[in-house]
Amino acid sequence: YNASTDKFTTNSYGLAIDTKRYEAFGKLGYVFPEKKYKSIGLQLSAFDHTQNSYFGLTNYDAHQQNFYSNLIYQSIIHTTIHKFRTGLSFQYDKYNEDFKENNYKRTEIVPGVFFEYTFTPSTKFDLVAGLREDHNSLYGWFTTPHLNIRYEPIKGTVIRGSIGRGQR
């Protein structure tokens, strides 16, 4: 296969993928000195991804820009048996794809809010219940509940149960 003479022909099959990606992420947090169970944190990430490719007679070129942020506050309710986390999230995705002769463009913006409660009466039992509410700029509002239970009846044996709704 010689790309200069065979690319996008039926002479020989060939492919090429050229990818450029830039990515950054960071975390910043603060734990309250007098109350170690209480903290606030910020998570940030972003990337820019460009791909130019072809597979035989088919081209695929894409560009995606992404930004994500998550602000989390956690503390207790009276004792460390009852903990909670709450916060805000934000997701931005911009896509521009060329596949064969078609161009697909879309921008999704998803702000959200969440709350999670953890009940830990002993080292053998945990219950985590949470609720998210997000608004996708293309698909509207959606709610994501979840419940996770962990029980260790005998050292080394753990029983787990989960129920909820996943959303991507």
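The values are calculated or read from the model by the stated rules, or taken from the named source; none is laboratory data. Predicted, not measured: the structure shown is a model, and the values here were computed from it. Every residue, glycine among them, receives a Cβ derived from its backbone with ideal geometry; neighbour counts consider all protein chains shown. Calculation scope for accessible area: heavy atoms of the full protein, side chains included, ligands and nucleic acids excluded. Shrake-Rupley method; radii C 1.70, N 1.55, O 1.52, S 1.80 Å.
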* Asked: Say we look at the stretch 42-57 and pick out the residues that are open to solvent by 40 Å² or more (accessible area, probe 1.4 Å) and in contact (Cβ under 8 Å) with a residue 40 or more places away in the chain; which of these is nearest to Gly14 (Cα to Cα)?
  -> Phe55
* Is there a residue in the stretch 92-110 that is touching a residue at least 40 places away in the same chain (Cβ under 8 Å), closer than 28 Å to Thr144 by Cα and among the hydroxyl-bearing types (Ser, Thr, Tyr)? -> no
* Every residue from the stretch 118-136 that is touching an Asp or Glu at 6+ places or on another chain (Cβ under 6 Å) and either open to solvent by 60 Å² or more (accessible area, probe 1.4 Å) or of a type in the set (A, V, I, L, M, F, W, C) (or both) -> Lys124
* Lys7 being farther than 30 Å from Thr118 by Cβ and surrounded by 11 or more Cβ atoms within 10 Å (Cβ to Cβ) -> yes
